[in-house]
Amino acid sequence: MTGFARDIRRFCVMEALFVDDGFNRFMTRLGVNVDHVATLREARRGAEPDPVAAAILAELAGADGIVVHLREDRRHIQDRDVRILRETIRTALDLEMAATEEMVRIALDIKPPLVTLVPESRQELTTEGGLNLIASREKLEKVIHHLHEAGITVSLFIDPDPIQIKGAHKVSADRVEIHTGPYANSRGNAQKTELHQIMEAAKLASKLGMGVSAGHGLDYVNVAAVARIPEIEELNIGHSIISRAVLVGMEAAVSKIKSLMQRS
Ligand code: PXP
């Protein structure tokens with residue numbers, strides 16, 4: 001083994017220890033979705049802000065993974081973003097995508113460690129519901145098989161419904177991501193009922209041997225109750241983090257440009 005290879009190996013072992021230290025094992029992991037950084041960039045079709053830069057800053061702040069949704073209409077994340085993220089981030093990339101031929105081709109080419117299959121419709125503002133594993137079982141089975149052949153772990157975004165959880169197990173999904181949107185959008189007793197359904201779904205998925213994530217609509221007010229569910233290993237959060245980042249960064253951004261405007 002050359003000195004260079006030995007150094008790289010030592011570095012990788014240290015990284016593995018760092019990522020899997022005792023602290024992380026007892027915490028719910030956080031996947032930061034940077035789609036809306038790209039939404040802002042696409043508003044001007046320019047280069048800023050770059051979701052890749054945002055992903056790296058998120059990692060430095062403690063994100064355990066980076067999530068992007070490459071939509072068919074490319075309204076935010078672009079193919080270039082996925083490629084560069086795959087090469088640059090140090091945590092795991094979770095590529096959210098629809099189960100279409102085009103997306104499967106891209107995933108097989110870029111080979112992210114994790115693909116999350118989501119339903120997608122052109123009219124929706126954001127993902128509106130989980131996959132229907134009963135109606136699209138055959139198609140999903142085929143897509144999952146191709147992704148597995150390439151060594152990609154597959155997660156399915158589904159509602160907290162026992163029929164869908166069992167369906168995910170039947171099509172050989174490695175993980176499920178439980179849709180927390182209805183929980184996030186409800187209040188009072190209705191929200192308690194939604195939380196209970198998420199808990200039961202997480203328990204069932206875990207009992208069936210699948211990894212469990214959850215996400216959609218989680219924010220600084222509603223996240224704690226979901227993070228306490230023991231079977232949920234990871235939460236994927238985008239909109240609320242990007243929204244807060246815009247506000248907490250405002251003061252520094254304005255004072256910097258004021259200082260550049262000052263006449264000497
Ligand atoms: N999980 C999935 C499958 C999603 O589609 C999204 C939104 O892109 C998220 C999580 C994150 O949701 P939010 O942006 O509301 O935090």
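A short reminder: the numbers here are calculations on the coordinates, not readings from a lab. None of these values were measured; they are calculated from a predicted model. A quick note on method: Cβ atoms are made from the backbone with ideal geometry, for glycine too, and the neighbour counts reach across all protein chains shown.
A few points about this structure:
- Positive dipole terminus of region 3-263, leading residue within 238, 205, 146 (C-beta point charges): 238
- Neighbour-count order for 146, 69, fewest beta carbons within 10 angstrom listed first: 146, 69
- The label-point distance for residue 200 and residue 132, in a model that sets each label 7 Å from Cα toward Cβ, rounds to 2.2 nm.
- Options 49, 182, 28, ranked by Cα towards positive dipole end of region 3-263, top entry (Cβ charges): 49
- Highest-MSF residue in the chain out of 102, 141, 251 [GNM, Cα springs under 10 Å]: 251
- Among the trypsin sites (Lys or Arg not before Pro) found in region 59-160, those both in a DSSP coil and sparsely packed, with 16 or fewer other Cβ atoms within 10 Å of their Cβ, are 74, 75, 90, 122.
- Count of lysine pairs in region 3-263 with Cα separation under 27 Å (8 or more residues apart, or interchain): 19
- Cβ-derived FRET efficiency at R0 35 Å, residue 148 paired with residue 57, nearest 0.05: 0.60
- Normalising the average separation of contacting C-alpha pairs (under 8 angstrom, six or more residues apart) by the number of residues puts the relative contact order of region 3-263 at 16 percent.
- Euclidean distance of C-alpha centroids, region 220-264 and region 168-198, integer Å: 25 Å
- FRET efficiency, residue 190 to residue 141 (Cβ-Cβ, R0 22 Å, nearest 0.05): 0.05
- Take the Cα of residue 243, step 7 Å toward its Cβ, do the same at residue 42, and the gap between the two points is 2.0 nm.
- 5 Å-binned pair-distance histogram of region 42-152 (Cα, whole percent): 2, 11, 22, 22, 20, 15, 6, 3, 0
- What the Cα convex hull of the chain gives, in volume per residue, is 175 Å³.
- Phi to ³J(HN,Hα) by Karplus 6.51 cos²θ - 1.76 cosθ + 1.60 over region 29-44, Hz, x for Gly, Pro: 6, 10, x, 9, 8, 9, 3, 6, 5, 5, 4, 5, 4, 5, 4, 10
- Computed extension length for residue 78-residue 253: 60.4 nm, one decimal, from 0.36 nm per residue of separation with the Cα-Cα distance subtracted.
- Net charge over other residues, Cβ less than 15 angstrom from the Cβ of residue 80 (K, R count +1; D, E count -1): -1
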